[in-house]
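Note sheet for the following structure.
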Amino acid sequence: MTFKEINILTKNLFRIARGTTVRALWKILYNFCWRNYRNMAAFERRQAEGKPFFPAFVMISVTESCNLRCSGCWVSVDGRKHLTAEQLDGIIRQSKAQGSYFFGILGGEPLMYKGLWEVIEKHPDCYFQLFTNATLITDEVAQRMSRLGNITPLISIEGLREESDARRGRDNVYERTLAGLRACRKAKLIFGVAASIGRSNYDELVSRKHIEDMAREGAAYLWYYIYRPVGRNPIVENALTREQIRSFRQLLVDERMDAPLFIIDTYWDDMGRAMCPAATGMSHHISPSGAVEFCPPLQMAREFVNDNASNLTEIFNNSEFLASMRRMTAETSRGCILLENPQKMLAFLEQWQAVDTTSRGSVREEYAAMQVVAGHDMEGEEIPERSAIYKMLKKRYFFGFGAYG
């Protein structure tokens, strides 16, 4: 690690510490960093020793409801499915019993889920990443999260003013999102900013300027995704080209050397080889219907949690469907099977008689109509991490757990 990297790391950590509360700082250091370290070690041991399976992290979509209408979204935002408070609490308790204390809370828009704060308040030993468009974050909401201390809002910004309105299906979305972001900063929360990158927002968001703008707004980290054309109204022409994905990867590697915030992705390991977190078993998803799914945009499943989710451990331990899907996807590609081979994916789902888990009930037809687009597997053209810090972290957490042989 060079002196420059150490200096940048120190500045970023100091900026985060200076802008938050002692409570929030303690929660992220102990609940997230320390507990996650132990959890990942336990997960690796289970995988290496062939013990009953349980993912390292569980992503939970609590509701289908949303106040926006984003193009290319896979969620049935007009649906009425949502987890009960008993199911959400049970999922967390079952996961804690397996040593997992970190959860991604998604929607729809999770801030439309009634009872969210009350469930989180029951688990002060956990850490929650709240995936939100931030338009519902008022000063009062931000202060509530600050008092809890164990929540990091991950705020989705899908473009600047014109692109946000076009992508989100509503007016003044960018300004409303920034207002929510600034409420988080005022409440001294540790928060991040996310972006799903497609052709329409590539030039605006895949840039040093956007990175610096978000750091000035107080974001501690920036999480980039690759746009997936799924859902009822997929926009295939917005999918990235192979050249754009390679350029995107290069920017991540270069900007991590001296960016004024932390830049996150879960697509590539330290050597630049593609990764699928679900294929490695690192993470699976629970939908608003209670379905135990491979990943959030793959909305067909075989198993569902019961009324209090007391069967979750049994499902993960014994699901031949999920185990077979992990093997099949890892054998097919190191990238995203949804993008690269949707017909093979659908054939597998049909073979296992998986059911549509959404309110709209059209997922099978949507998958049948999907077109092959570029994924993030760049075999033979890998771009390794340059930063010693990110190389160390990715080598520790994203090396595949034996999924790819």
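Calculate, in nm to one decimal, what residue 10 and residue 331 gain on full extension: separation in residues at 0.36 nm each, minus their alpha carbon distance.
Stretched fully, the residue 10-residue 331 segment lengthens by 111.5 nm.
Between residue 323 and residue 368, what's the calculated FRET efficiency when r is the beta-carbon distance and R0 is 22 Å? Round to 0.05.
Between residue 323 and residue 368 the formula returns 0.30.
When the helix-only estimate is applied to the chain (DSSP H runs of n ≥ 4, each -39,500 (n - 2.57), divided by the residue count), what is the mean residue ellipticity at 222 nm, nearest 500 deg cm²/dmol?
Calculated from helices alone, the mean residue ellipticity at 222 nm is -12000 deg cm²/dmol.
Take the Cα radius of gyration of region 245-295 and divide it by 2.2 N^0.38 Å, with N its residue count; two decimals is plenty.
Rounded to two decimals, the normalised Rg is 1.49.
What is region 2-150 by shape, rounded, prolate or oblate, if you read a ≥ b ≥ c off the alpha carbon gyration tensor as root eigenvalues and call it rounded for a/c under 1.5, prolate for a/b larger than b/c, and oblate otherwise?
It comes out oblate by the Cα gyration axes.
Report the relative contact order of region 28-85, percent, no decimals, based on alpha-carbon pairs under 8 angstrom and at least 6 residues apart.
24
Between region 350-380 and region 1-49, what's the alpha-carbon centroid distance in Å?
Value for the Cα centre distance between the two parts: 35 Å.
Using the per-residue mean of other Cβ atoms lying within 10 Å as a proxy for protection, in what order, highest first, do the peptides 10-16, 67-73, 185-191 fall?
Most protected by this proxy first, the peptides run 185-191, 67-73, 10-16.
Let me cross-check residue 26: its accessible surface, 1.4 Å probe, with only protein heavy atoms counted, in Å² to the nearest 10?
The value for residue 26 is about 150 Å².
Would you be so kind as to identify all helices of the chain, as entire DSSP H runs, whose Cα atoms reach 15 Å or more along the helix's own axis and whose mean Kyte-Doolittle hydropathy is at least -1.0?
TM-like helix candidates: 3-18, 85-97, 173-186, 242-255, 320-332.
For region 263-337, report the translational diffusion coefficient in µm²/s to the nearest whole number, using Stokes-Einstein at 25 °C, 0.890 mPa s, and a Kirkwood Rh over Cα pairs.
Translational D for this selection: 185 µm²/s.
Principal axes first, then extents: for the Cα atoms of the chain, list largest minus smallest coordinate on each axis, whole Å, largest first.
So the three principal-axis extents are 52, 48, 48 Å.
In region 237-375, carbon and sulfur make up what percent of the accessible area (probe 1.4 Å)?
The nonpolar share, carbon plus sulfur, comes to 49 percent.
What translational diffusion coefficient, in µm²/s and rounded to a whole number, does the Stokes-Einstein relation yield for region 20-87 at 20 °C and a viscosity of 1.002 mPa s, taking the hydrodynamic radius as the Kirkwood radius over Cα pairs?
137
List the relative contact order of region 129-285 as a percent without decimals, with contacts defined as Cα pairs under 8 Å and 6+ residues apart.
19 percent.
If a paramagnetic tag sat 7 Å from the Cα of residue 254 along the Cα-Cβ line, which residues of region 350-394 would have the backbone N under 16 Å from that point?
383-387
Using only the alpha-carbon atoms of region 255-405, report the extent along each of the three principal axes, biggest first, to the nearest angstrom.
46, 36, 31
Would you mind getting me the FRET efficiency between residue 85 and residue 246? Use the beta-carbon distance for r and R0 = 51 Å, nearest 0.05.
Between residue 85 and residue 246 the formula returns 0.70.
Mind giving me the nanometre distance, one decimal, between the label points for residue 162 and residue 29, set 7 Å out from Cα along Cα→Cβ?
According to this spin-label approximation, the distance is 4.7 nm.
Taking 8 Å as the Cα distance limit and 6 or more residues as the minimum spacing, I'd like the relative contact order of the chain as a percentage.
Reported relative contact order: 20 percent.
Of the listed peptides 298-305, 2-9, what is their order by residue-averaged count of other C-beta atoms within 10 Å, with the highest listed first?
Per-residue Cβ counts within 10 Å, averaged per peptide and sorted highest first, yield 298-305, 2-9.
Taking Cβ-Cβ under 4.7 Å as the only way to count a partner, pick out the unpartnered cysteines of the chain.
Taking the Cβ cut-off of 4.7 Å, the unpaired cysteines of the chain are 33, 66, 126, 184, 276, 295, 336.
Would you report the distance distribution of C-alpha pairs in region 91-174 as whole percents per 5 angstrom bin, up to the bin with the largest distance?
All Cα pairs, binned at 5 Å, distribute as 3, 13, 22, 23, 15, 11, 7, 4, 1, 0 percent.
Using alpha carbons only, how many angstrom separate the centre of region 294-349 from the centre of region 227-271?
Here the two parts' Cα centres lie 23 Å apart.
Say each of residue 392 and residue 170 gets a label point 7 Å from the Cα, pointing the same way as Cα to Cβ; how far apart are those two points in nm?
4.2
The values are calculated or read from the model by the stated rules, or taken from the named source; none is laboratory data. Keep in mind it's a predicted model, so treat the numbers as computed, not measured. In this analysis, Cβ positions are derived from the backbone assuming ideal geometry, glycine residues included, and neighbour counts consider all displayed protein chains. Accessible surface areas use protein heavy atoms only, side chains included; no ligands, DNA or RNA. Shrake-Rupley method; radii C 1.70, N 1.55, O 1.52, S 1.80 Å.
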